Amino acid sequence: MPVSARPSPASGRYPHAVLWCVAVIVAAGCSHSVGGRALRSVPGLDDQSQSPVDVETLMLDQSQMRAITGAGDDLTIIPSMDGKIPVDIDQLAKTAPLQCQWIFEETQTFGRDVEEFHKTTFQNPPRGGLISEGAAGYRDPATARRAFDGLVALVDGCGGTTLGPMFVGEWNATPDSVQMRPGNGCERDYRVKNVVLVEVTSCAFPGSVPDIVMTNILAKVPG
């Protein structure tokens, strides 16, 4: 797979921070604490999963995320954003170019062959920080690879549009990873390993933080 990149716009013509904050957490505000109580995840795809890897065993718990981010007790799970089913936000998707709608549609991001899934988003209100960890499990490595290759094609397609610099910014793909850097302190990273596709997104954290989260998740993936 070739390495690809797209430049960011030279000037701030678009509301990068606002849309990227929406893209990362879908509905919550960038700098506002979201109140409420974290709820147990609803039943998901894994009830009849054919994936040989249980993605639940890959997820980092709240104490681990607090330690990695350095946020301590200020880092909390956003209520209702701890789910086991990919989420599409059609209203937001319709505001984006067709090639970029996948930013708001996890069924496109992870593909249609997901066997099991889990994604959790955390907030650090004092610093306006957000970070999420997600993992999708597939029936075999070939299926996971197809999902990843499809994702890279989506990134490339969005990057070539007028609003591509806002949604994906500078991006880079290797045979096993794709990274997007639209600026404003936000980033979105994906890695494929064995039968798993991992996503880590973050805003307002140092770049080393999502890297450590990704490394710790991948270390749990066999093979």
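Only the coordinates and a few stated rules stand behind these numbers; no lab work does. Because the structure is a prediction, the values reported are computed rather than measured. Cβ placement follows ideal geometry from the backbone for every residue including glycine, while neighbour counts extend to all protein chains displayed.
Just a few scattered comments:
- Packing, as the average of other Cβ atoms within 10 Å across residues, places the peptides 80-93, 115-128 in the order 115-128, 80-93, highest first.
- Peptide packing: for 176-189, 130-143, the average count of neighbouring Cβ atoms within 10 Å per residue gives the ranking 130-143, 176-189, highest mean first.
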